[in-house]
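The next block holds one structure in the form of structure tokens; read it before the comments.
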Amino acid sequence: MQQHTINTDYQVGPVHCYSGNIGGELVLFDTGPPTDEAQACLREELDLSRLRHVVITHYHSDHCGLVSWLEKETDANLYLPYRDTLKIEGHEERLEKLAELLLRVGFDQSFLESFRRAMNNDEVFPQFPERFLTVESDLPEHLGIEVIACPGHSQSDLVLAGPDWAVTGDVLLRGIFQAPLLDIDLETGERFRNYEAYCTTLIKLATLRGRRILPGHRDSIDSIDDTILFYVGKLLDRAAQQKQFSRKESVAQIVGQLFGSGQGHPFHYYLKASEVVFMRDLMHCPELLRSSLERIGLFEPVSEKFLQTAYASTT
Ligand SMILES: [Zn+2]
């Protein structure tokens, strides 16, 4: 598996895509951002005329920004995560319901307008291809790629794994806390329960132990356990941070206090609001996280922090 590293404008830094000959066919995992530099990189490092399959881990700009370009430039099949295809088809409905959700947690109309503008910007939501297939149902069997749904960061995150490797997108990142995003579950029309989803994902991540991890950003992952413990440690830190706020305060009020009175980008407010909602779910039912961690043998290292955070009384 060859790693292709491409700069992005995002805080997270460069993104890694991966390519390899699998079952005799050239497969690319993720595309990089929608930039000239990313196009040049793929042209130089890949034989685009041989490219047969492009598989996306999750539909965020830094990972899928060139799917539309690859659709024009190559004959490859494009595979998107099932939940992202729902987002594409239900884009308007999703924005509508997400706006209602933000309103319910205390944001006002003027915020919602700027949020909508930001979400309709290509930077946040890259251009959709015209023809696409679904990773979970359409990947040819002879490729032997295992598809593991690992929602948490987004509802659609997939891990794509071979016998001794796994392309993990943003699911396992070293030293980065990728915020769990507030979203609408387009199968139910309700809020996507990402805390519950993440607790299930933890158990799946443990099955990747022993495989070479190919992450979407930063350094290689030597230890799945250390990466999980880093992330869970951050979750508990952020949950502890929120104990200073009363449960009577709305999510929007808390975000306002965390950011002060300065005007930030609406997307940053959305990220913070996402985090606050997630932490409230965690504090509401810490047992779920505990039971997942126990099942994969990782509760002990965080037990002290966990007990301090989760069972201490809130104001
Ligand atoms: Zn990313």
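The values are calculated or read from the model by the stated rules, or taken from the named source; none is laboratory data. As the structure is a prediction and not an experimental result, all values here were calculated from the model. Ideal geometry is used to build each Cβ from the backbone, glycine not excepted, and the neighbour counts take in all protein chains shown.
Before we move on, is Gly24 surrounded by fewer than 21 Cβ atoms within 10 Å (Cβ to Cβ) and at positive phi?
Criteria met by Gly24.
If you take the residues in segment 293-310 that are hydrophobic (A, V, I, L, M, F, W, C) and assigned to a loop (DSSP other than H, G, I, E, B), which one is farthest from Ile228 (Cα to Cα)? Within segment 293-310, the match that is farthest from Ile228 (Cα to Cα) is Ile296. Is segment 57-70 home to any residue that is in contact with a strand residue (DSSP E or B) (Cβ under 9 Å, 6 or more places away or on another chain), among the polar types (S, T, N, Q) and under 18 Å from Ile145 (Cβ atoms)? Yes, there is a match, as at least one residue in segment 57-70 is in contact with a strand residue (DSSP E or B) (Cβ under 9 Å, 6 or more places away or on another chain), among the polar types (S, T, N, Q) and under 18 Å from Ile145 (Cβ atoms). Within segment 217-231, the set of residues being within 16 Å of the ligand (Cβ to nearest atom), over 14 Å from the mean Cα position of the chain (by Cα) and within 17 Å of Leu289 (Cα to Cα) comprises just one member, Thr227.
Looking at segment 181-216, which of the residues that are of a type in the set (A, V, I, L, M) and closer than 14 Å to Cys150 by Cα is nearest to the chain's Cα centre (by Cα)? Per the criteria, the residue is Leu181.
Which count do you get for residues in segment 180-223 that are in a loop (DSSP other than H, G, I, E, B) and surrounded by 15 or more Cβ atoms within 10 Å (Cβ to Cβ)? Don't jump to the end; show me each part of the working.
Let us first name the residues in segment 180-223 that are in a loop (DSSP other than H, G, I, E, B), namely 180-183, 185-190, 192-193, 207-211, 216, 218-220, 222-223.
Imposing the further condition that a residue be surrounded by 15 or more Cβ atoms within 10 Å (Cβ to Cβ) reduces the set to 180-183, 185-186, 192-193, 207-208, 211, 216, 218.
Number satisfying all stated conditions: 13.
Checking the stated criteria, Thr168 turns out not to satisfy the condition of being among the hydroxyl-bearing types (Ser, Thr, Tyr) and in a helix (DSSP H, G or I).
Before we move on, is Ser246 over 30 Å from Met1 (Cβ atoms) and within 16 Å of the ligand (Cβ to nearest atom)?
Working: over 30 Å from Met1 (Cβ atoms): yes; within 16 Å of the ligand (Cβ to nearest atom): no.
Criteria not met by Ser246.
Among the residues of segment 29-41, not a single one is surrounded by 21 or more Cβ atoms within 10 Å (Cβ to Cβ), of a type in the set (A, V, I, L, M), at pLDDT 95 or above and touching a helix residue (DSSP H, G or I) at 6+ places or on another chain (Cβ under 8 Å). Residues that are of a type in the set (D, E, K, R) and either over 16 Å from Cys17 (Cα atoms) or more than 12 Å from the ligand (Cβ to nearest atom) (or both) within segment 153-193 comprise Asp164, Arg174, Asp183, Asp185, Glu187, Glu190, Arg191, Arg193, listed in sequence order.
For segment 255-277, the candidate set comprises residues that are within 22 Å of Arg116 (Cβ to Cβ) and of a type in the set (A, V, I, L, M, F, W, C); within that set, the residue that is modelled with the lowest pLDDT is Phe259. Within segment 289-304, residues that are modelled with pLDDT under 95 have Cβ atoms under 9 Å from residues that are not in a helix (DSSP H, G or I) in no pair, counting only partners at least 6 apart in sequence or on another chain. Those strands (runs of 3 or more DSSP E) of segment 1-112 in which 1 or more residues are more than 16 Å from the ligand (Cβ to nearest atom) and either without any contact (Cβ under 8 Å) to a residue 12 or more places away in the chain or of a type in the set (Val, Ile, Thr) (or both) occupy 15-22, 25-29, 51-55. Could you go through segment 54-65 and let me know if any residue there is in contact with a Ser or Thr (Cβ under 8 Å, 6 or more places away or on another chain), hydroxyl-bearing (Ser, Thr, Tyr), within 23 Å of Pro215 (Cβ to Cβ) and at pLDDT 95 or above. Yes.
Against the condition over 16 Å from Leu78 (Cα atoms) and in contact with a Lys or Arg (Cβ under 8 Å, 6 or more places away or on another chain), how does Gly24 come out, does it pass? No.
Does Gln127 satisfy being more than 21 Å from Val67 (Cα to Cα) and either surrounded by fewer than 21 Cβ atoms within 10 Å (Cβ to Cβ) or at pLDDT below 90 (or both)? When the stated conditions are applied, Gln127 does not pass them.
Of all residues in segment 100-114, those satisfying the criterion of being under 15 Å from Val277 (Cβ atoms) and buried (at least 18 other Cβ atoms within 10 Å of the Cβ) are Leu101, Leu102, Val105, Phe107.
A count restricted to segment 251-279 and to residues that are touching a helix residue (DSSP H, G or I) at 6+ places or on another chain (Cβ under 9 Å) and part of a loop (DSSP other than H, G, I, E, B) stands at 2.
Please work out which residue is modelled with the highest pLDDT, limiting yourself to segment 78-123 and to residues that are polar (S, T, N, Q) and more than 26 Å from Val27 (Cα to Cα). Reasoning before the result, please.
Of the residues in segment 78-123, the ones polar (S, T, N, Q) are 85, 109-110, 114, 120-121.
After this cut, where a residue has to be more than 26 Å from Val27 (Cα to Cα) as well, the list is 109-110, 114, 120-121.
Working: Gln109: 92, Ser110: 89, Ser114: 88, Asn120: 77, Asn121: 69.
Checked segment 78-123; the qualifying residue modelled with the highest pLDDT is Gln109.
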